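Written out below as structure tokens is the structure these notes cover.
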Amino acid sequence: MTTATFQWLTLVTLTALTFSVAETGLSGSSILIPVLLATLLKGRLVIDRFMALQGVSGPWRWVVLGWLLLVLGLIAYTFLYS
Amino acid sequence: MKYESQAVAKPYFIAAIGLFLGQILFGLIMGLQYVVGDFLFPAIPFNVARMVHTNLLIVWLLFGFMGAAYYLIPEESERDLFSPKLALAMFWIFLVAGAATILGYLFVPYATLAEMTGNDLLATMGREFLEQPLPTKVGIVIVALAMLFNLSMTVLKGRKTAINLVMLVGLWGLAIFFLFSFYNPGNLVKDKFYWWWVVHLWVEGVWELIMGAMLAFVLIKVTGVDREVIEKWLYVIIAMALITGLIGTGHHYYWIGTPEYWQWWGSVFSALEPIPFFMMTVFAFNMVNRRKREHPNKAAVLWALGTGVMAFLGAGVWGFLHTLAPVNYYTHGTQITAAHGHMAFYGAYVMVVITMISYTMPLMRGREANSPVAQVVEMWSFWLMTIAMVFITLFLTAAGILQVWLQRVSTEPMPFMAAQDQVALFYWMREVAGLIFLVGLLLYIVSFFIKGKAATAT
Amino acid sequence: MWFFILAELLVFGVFFLAYAFARMRNVELFNASQLELDRISGAINTILLISGSYFVVRAVDQIRHDRSRACAHWLIAAMACGGTFLILKLVEFGAKFEAGINMSTNTFFMFYLGLGFFHFMHVILGMVILGAVALKAWKGGYSASNYGGVETGAAYWHMVDLVWIVLFPLIYILN
């Protein structure tokens with residue numbers, strides 16, 4: 001099994017987890033953190049492995065990762081303080 | 001100048017500058033009428049002066065774009081223009097139609113003009129910026145189509161480059177979106193909705209393509225930077241301009257009766273409209289810094305750099321100031337809009353046309369660049385006009401902020417005219433800045449007549 | 001291309017945050033409306049896009065080994081994922097329109113439909129780009145020493161995927 005296949009399986013598993021968490025009917029901050037963390041992990045996989053930005057010199061990787069962190073961080077903020 | 005037929009641009013540019021002068025004179029008349037309400041009344045009422053001021057601007061910029069296209073397309077296509085005679089014929093048709101329209105505005109009451117020109121057949125008049133009588137509108141379409149035919153044939157038979165393709169797409173878009181000026185539904189919301197398809201999609205859409213192509217053309221010529229580099233920039237800039245500009249139309253749909261979601265779409269996309277302008281600035285400076293030659297036409301380089309900076313300030317920054325729906329709720333239709341309009345039109349379109357004129361005119365007059373003396377005068381005119389425009393914008397912005405405060409934010413809002421009285425001082429200062437702008441423009445015209453020893457390449 | 005991708009991320013990012021902040025002011029409405037969404041369709045679509053991205057990774061891998069045809073095959077598989085995504089999305093939107101829901105229903109559905117449609121257009125564009133790359137690969141236009149075009153097309157497709165990876169939990173799951 002190639003690394004890419006393993007990464008793909010990880011992504012699918014994380015999606016299934018996210019989905020099943022929602023199906024249990026839980027809500028609020030109890031699912032917020034796990035779901036966002038799963039999303040962060042998925043995003044990082046796509047950025048670093050699929051887009052192959054890990055190890056690329058220059059600002060690209062940090063700009064894209066920074067985008068992910070900023071967006072997810074602010075989402076967490078608005079959900080926690082609403 | 002590589003091809004004889006490029007010279008057809010010359011009358012277009014001369015007419016453009018002539019009409020530019022007219023535009024400024026009417027601007028000054030109108031600026032004075034802001035503070036001396038009955039100045040020149042009843043000969044030239046405010047509404048007529050305003051119509052002439054804005055219509056002249058549009059017409060002379062169109063002359064500039066057309067002249068630029070007739071110069072740029074043959075050179076990029078590496079062949080003579082398909083039909084120089086057709087181009088010249090269209091010039092005279094456009095000039096006569098334009099002059100007749102302006103004279104009509106000035107000497108015939110607008111309602112009578114509408115009656116005389118068949119507005120009852122197809123009502124298109126009476127809307128801001130699209131005041132032209134029906135025959136003029138039809139004339140514009142004919143002139144545009146003839147030009148597009150002429151230019152498209154030239155490109156089809158010649159070399160295709162990013163620059164002439166972008167220019168051509170821009171001009172086609174200009175012609176196509178103008179067709180919405182013939183659509184005038186009775187429903188006022190729909191009327192306004194499609195009215196913006198002409199107005200917004202021109203200045204914040206297809207005109208940006210024309211501008212990008214013109215700037216890229218001049219930068220290739222004066223810097224000698226590789227075409228591949230410049231074309232890459234051009235593609236990225238126009239892609240950004242289109243993404244943000246097309247949906248950015250929504251920033252005109254906040255309060256006209258269109259669905260509420262436009263407040264989100266318009267805000268988000270138009271907030272990003274400064275990006276392509278910022279990239280244009282970086283582009284211009286970057287290319288000039290990486291130049292491979294010292295072009296003797298220093299004035300043209302100055303105009304090109306000026307275009308980048310002023311377009312970003314006027315269109316980008318001043319546009320952003322009031323583009324978000326919650327801000328626009330207060331500033332809509334105030335002097336803030338006027339401030340943005342002035343600097344954006346000057347910084348983006350006026351300056352890019354002058355950049356093109358500045359680069360091509362000496363070539364069409366048989367020299368690579370004007371004499372150093374003439375160039376110094378031209379650069380003086382650059383600084384006078386540009387600084388005057390910065391001050392016009394600042395004064396209008398100040399007037400706008402005060403106006404918003406007194407008339408909209410205040411717990412006891414003032415009536416419109418009472419608020420106007422309070423900002424009169426800014427209008428006076430704006431008028432003075434306008435006079436300096438006129439001096440700059442006159443110097444610019446003078447620079448064409450200064451002889452002196454020609455500059456040579458270094 | 002990277003400039004372009006960043007600009008796209010910026011637009012989507014602003015919209016995501018607009019959603020999040022708009023939700024802050026109207027939590028009940030957002031939570032209630034969210035229950036009407038087809039979460040299963042959203043999850044399947046996530047799997048589809050992830051798989052499409054994975055296929056694109058395989059395609060890039062193939063061209064590195066100079067296998068043009070195999071590269072094109074993987075790209076076509078990725079496009080098939082994209083196509084299925086589009087069909088599911090149309091069914092989903094169709095059901096909403098039938099239920100009388102549109103962009104003016106409320107702020108939540110404005111975002112759901114608006115963002116969904118905007119992303120939809122990007123999937124189409126991504127497929128067009130992949131199609132062009134696949135065609136060129138099929139004709140042998142790329143090689144192990146020259147496959148920048150494949151990588152660029154792949155990067156765009158991953159961007160479309162990345163955006164959806166954030167969009168799905170944000171709009172379908174979190175409440």
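The values are calculated or read from the model by the stated rules, or taken from the named source; none is laboratory data. Worth saying up front: this structure is predicted, and the values here are computed from it rather than measured. Positions of Cβ are generated from backbone atoms using ideal geometry, with glycine treated the same way; all protein chains shown enter the neighbour counts. Calculation scope for accessible area: heavy atoms of the full protein, side chains included, ligands and nucleic acids excluded. Shrake-Rupley method; radii C 1.70, N 1.55, O 1.52, S 1.80 Å.
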When restricted to C:Ile101, C:Ile124, C:Ile87, the only residue open to solvent by 10 Å² or more (accessible area, probe 1.4 Å), under 24 Å from C:Arg39 (Cβ atoms) and not in a helix (DSSP H, G or I) is C:Ile101
What's the total number of residues in segment C:21-33 that are more than 10 Å from chain A (Cβ to nearest Cβ) and not acidic (Asp, Glu)? 3
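For segment C:131-175, give me the residue count where each residue is assigned to a helix (DSSP H, G or I) and within 14 Å of chain A (Cβ to nearest Cβ).
Step one: of segment C:131-175, the residues assigned to a helix (DSSP H, G or I) are C:131-138, C:148-173.
Narrowing further to those that are within 14 Å of chain A (Cβ to nearest Cβ): C:148, C:150-173.
Number satisfying all stated conditions: 25.
Identify, please: which residue in segment C:37-50 is at the interface with chain A (Cβ under 7 Å from one of its Cβ atoms) and open to solvent by less than 20 Å² (accessible area, probe 1.4 Å) and is, among those, farthest from C:Leu174 (Cα to Cα)? Before you say what the answer is, go through the steps one by one.
Step one: list which residues in segment C:37-50 are at the interface with chain A (Cβ under 7 Å from one of its Cβ atoms), which gives C:39, C:43, C:46-47, C:50.
In the following step, the residues that additionally are open to solvent by less than 20 Å² (accessible area, probe 1.4 Å) were identified as C:43, C:46, C:50.
Values: C:Ala43: 13, C:Thr46: 15, C:Ile50: 20 Å.
Result: C:Ile50.
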Restricting to helices (runs of 4 or more DSSP H) lying wholly in segment B:102-201: which have 1 or more residues that are within 24 Å of B:Gly18 (Cα to Cα), open to solvent by less than 20 Å² (accessible area, probe 1.4 Å) and in contact with a helix residue (DSSP H, G or I) (Cβ under 7 Å, 6 or more places away or on another chain)? B:134-157, B:162-178
Per the filter on segment B:230-265, residues away from chain C (no Cβ under 12 Å) and among the small types (Gly, Ala, Ser) are B:Gly245, B:Gly257
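Out of the helices (runs of 4 or more DSSP H) lying entirely within segment B:224-314, which hold 2 or more residues that are among the hydrophobic types (A, V, I, L, M, F, W, C) and modelled with pLDDT under 95?
Working: elements: B:227-248, B:262-271, B:274-289, B:298-311.
Hits in segment B:224-314: B:227-248, B:262-271, B:274-289.
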Could you list, ordered by first residue, the pairs with Cβ atoms under 7 Å in which the first is in segment A:32-51 and in a helix (DSSP H, G or I) and the second is of a type in the set (Ser, Thr, Tyr) and buried (at least 20 other Cβ atoms within 10 Å of the Cβ), at least 6 apart or interchain? A:Val35/A:Thr18; A:Ala38/A:Thr18; A:Val46/C:Ser53; A:Phe50/C:Ser53
Output for segment B:231-251, where each listed residue is free of Cβ contacts under 8 Å to residues at least 60 places away in the same chain and surrounded by fewer than 22 Cβ atoms within 10 Å (Cβ to Cβ): B:Lys232, B:Val236, B:Ala239, B:Leu242, B:Ile243, B:Leu246, B:Ile247, B:Thr249
Pairs only if they're at least six apart or on different chains, beta carbon under 8 angstrom, first in segment C:1-20 and more than 10 Å from chain A (Cβ to nearest Cβ) and outside any helix (DSSP H, G or I), second surrounded by fewer than 18 Cβ atoms within 10 Å (Cβ to Cβ) and modelled with pLDDT of 90 or more; list them, first residue then second. C:Met1/C:Thr152
So the check is Cβ under 8 Å with 6+ separation or different chains; which pairs have a first residue in segment B:351-377 that's under 14 Å from B:Phe449 (Cα atoms) and a second one that's of a type in the set (Lys, Arg)? B:Met361/B:Lys10; B:Ala369/B:Lys298; B:Ser371/B:Lys451; B:Ser371/B:Lys453; B:Pro372/B:Lys453; B:Ala374/B:Lys451; B:Gln375/B:Lys298
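Out of everything in segment A:1-28 that is open to solvent by 80 Å² or more (accessible area, probe 1.4 Å) and among the polar types (S, T, N, Q), what residue ends up being farthest from the other protein chains (Cβ to nearest Cβ)? Give the derivation first.
Going residue by residue through segment A:1-28, those that are open to solvent by 80 Å² or more (accessible area, probe 1.4 Å) are A:1, A:3, A:6, A:17, A:23-24, A:26.
From the residues that got through so far, the ones that are among the polar types (S, T, N, Q) too are A:3, A:24.
On the way: A:Thr3: 9, A:Thr24: 11 Å.
That would be A:Thr24.
Take C:Ala144 and tell me if it is at pLDDT 95 or above, touching a helix residue (DSSP H, G or I) at 6+ places or on another chain (Cβ under 8 Å) and over 19 Å from B:Trp264 (Cβ atoms). Steps first, please.
Details: at pLDDT 95 or above: no; touching a helix residue (DSSP H, G or I) at 6+ places or on another chain (Cβ under 8 Å): yes; over 19 Å from B:Trp264 (Cβ atoms): yes.
No; evaluated as a whole, the condition is false for this residue.
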